[in-house]
Amino acid sequence: MGIGELARRAGLRPSAVRYYEAIGLLPEPERIAGKRHYDEPTLQRLSVIAAGQHAGLSLDEIRELLTADQRGVVSGRLQQLAQRKLPEIEGLIARAEAVRSWLEAAAECQCPSLERCPLFDSASSTSTATAYTGRASASSTATVNARHTSSSSVP
């Protein structure tokens, strides 16, 4: 199949296929009359690249995985990559939960001004900032939300 057909079937632009070739994720294709010609295994390789990117792997990590596959030792390398990525994902989840909690409190806000809103005071600003960096604990976010609920009902 030509580059256009391969790209269409993989859900990519032809330029992405050429880029993956240039950085060594795809092997140099056979050329027929000067045009690139791809086989089905190349489409499968593009699926591996897409799945890896979807899982948050870098292109270098995907390259390592593809190399391990060629050597027949893919499962060990995949396990190593997954074990290294899991803490990163746990951190992202914790940050997202902290942000959601803050936004839920903000959605219920009835404070007359930002100045009087505990969601924006120095203590909760620190908690809010840490929600974006992943250093806020669930209990500190719950404390901010509890303080907001009790103070926003006071006139």
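The values are calculated or read from the model by the stated rules, or taken from the named source; none is laboratory data. Just so it is clear, the structure is predicted and the values come from calculations on it, not from any experiment. Don't worry about glycine lacking a Cβ; one is built from the backbone with ideal geometry, like all the others, and counts go over all protein chains shown.
General remarks:
- Screening Val73, Val48 for residues that are loosely packed, with under 12 Cβ neighbours inside 10 Å, of a type in the set (Val, Ile, Thr) and more than 16 Å from the chain's Cα centre (by Cα) leaves exactly one candidate, Val73.
- Scanning the range 1-40 for residues being assigned to a loop (DSSP other than H, G, I, E, B) and among the hydroxyl-bearing types (Ser, Thr, Tyr) gives a total of 1.
- Residues in the range 41-96 that are free of Cβ contacts under 8 Å to residues at least 12 places away in the same chain, touching a Leu at 6+ places or on another chain (Cβ under 7 Å) and not in a helix (DSSP H, G or I): none.
- Taken as a whole, the structure leaves Glu104 outside the set of residues that are surrounded by 14 or more Cβ atoms within 10 Å (Cβ to Cβ), among the charged types (D, E, K, R), more than 26 Å from Pro27 (Cβ to Cβ) and touching a residue at least 40 places away in the same chain (Cβ under 8 Å).
- Index of the failed condition, Glu88 passing every other in (1) surrounded by 12 or more Cβ atoms within 10 Å (Cβ to Cβ); (2) more than 24 Å from Ile3 (Cα to Cα): (1)
- Any chance Glu115 is modelled with pLDDT under 90, assigned by TED's automatic domain parsing to the domain that holds Glu28 and of a type in the set (D, E, K, R): no
- Test: residue in the range 139-151 that is modelled with pLDDT of 90 or more, surrounded by 17 or more Cβ atoms within 10 Å (Cβ to Cβ) and part of a helix (DSSP H, G or I): no
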